[in-house]
Amino acid sequence: MLIKPTKNMKKVIYALILPLVVVSGLVFANREIKNEPSKGPTPKPLSAAEREAARKQWESTPEGAKFKKWEASPAGKKVHAGAAKIREHISAFTNMEAVITSLSLPPGSRLGFGVMARINGDDYILRFDNDPQQLRSLKVNDKIIIKSHSVSYAPKYAYPIVSGEYAERDGKIIYKHVPRKGGC
């Protein structure tokens, strides 16, 4: 037995199908846009000459001149010497023994969570990306083993800044940097 659709039934059916078609079209169109490769040009890395030219240009700015003056000062030379002292360990990502000298960073620091530590007789700021509870248990004079891929410096700080990526105390890992998902 067949039912003959009335005008009202046809209107209801069209009213239900039309939004379904529109939504399907939008979903399909959005999928196409996401699958397209980005059309913007990918910036190519600068050549050594271009980097040198950019550095020279920056050095001619007031900020660059101030930084160069700091580098030539006794404080800047001390910080550079401290960074150079651990450069081999940084490059090779090898163990460095550190003794905690302070549980707080110098006043005005904006580096996140960190401690002061002595490595090979020099003081360093040891900063960590996040604040695991195990690092909060550190005490002054604790000996820890750290590994890092980078050491940096800034005129604002009287110490080189070591970015801690791995730390252990008494053979137990107390910190391990977790790389961001989907990035470097």
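Taking segment 128-147 as the search range and keeping residues that are at pLDDT 90 or above and surrounded by 14 or more Cβ atoms within 10 Å (Cβ to Cβ), which one is farthest from His89 (Cα to Cα)?
If we take residues in segment 128-147 being at pLDDT 90 or above and surrounded by 14 or more Cβ atoms within 10 Å (Cβ to Cβ), then Asp142 is farthest from His89 (Cα to Cα).
Consider segment 77-103. How many of its residues are more than 18 Å from Ile146 (Cα to Cα) and not hydrophobic (A, V, I, L, M, F, W, C)?
Residues flagged as more than 18 Å from Ile146 (Cα to Cα) and not hydrophobic (A, V, I, L, M, F, W, C) within segment 77-103 amount to 3.
Can you find, within segment 12-69, the residue that is modelled with the lowest pLDDT among those that are polar (S, T, N, Q) and not in a helix (DSSP H, G or I)?
Ser38
Can you go through Met1, Met9 and tell me which one is at pLDDT below 85, surrounded by 10 or more Cβ atoms within 10 Å (Cβ to Cβ) and more than 30 Å from Ile161 (Cβ to Cβ)?
Met9
Could you list, in sequence order, all residues of segment 87-113 that are surrounded by 11 or more Cβ atoms within 10 Å (Cβ to Cβ) and over 21 Å from the mean Cα position of the chain (by Cα)?
Passing the criteria: Asn95, Met96, Glu97, Ala98, Val99, Ile100, Thr101, Ser102, Leu103, Pro106.
Grab the helices (runs of 4 or more DSSP H) fully contained in segment 70-169, keeping just those with 1 or more residues being farther than 30 Å from Glu59 by Cα and not acidic (Asp, Glu).
Those helices (runs of 4 or more DSSP H) span 87-92, 133-136.
The values are calculated or read from the model by the stated rules, or taken from the named source; none is laboratory data. Source: prediction; values computed, not measured. All Cβ positions, even for glycine, are placed from backbone atoms using ideal geometry, and neighbour counts span all protein chains on display.
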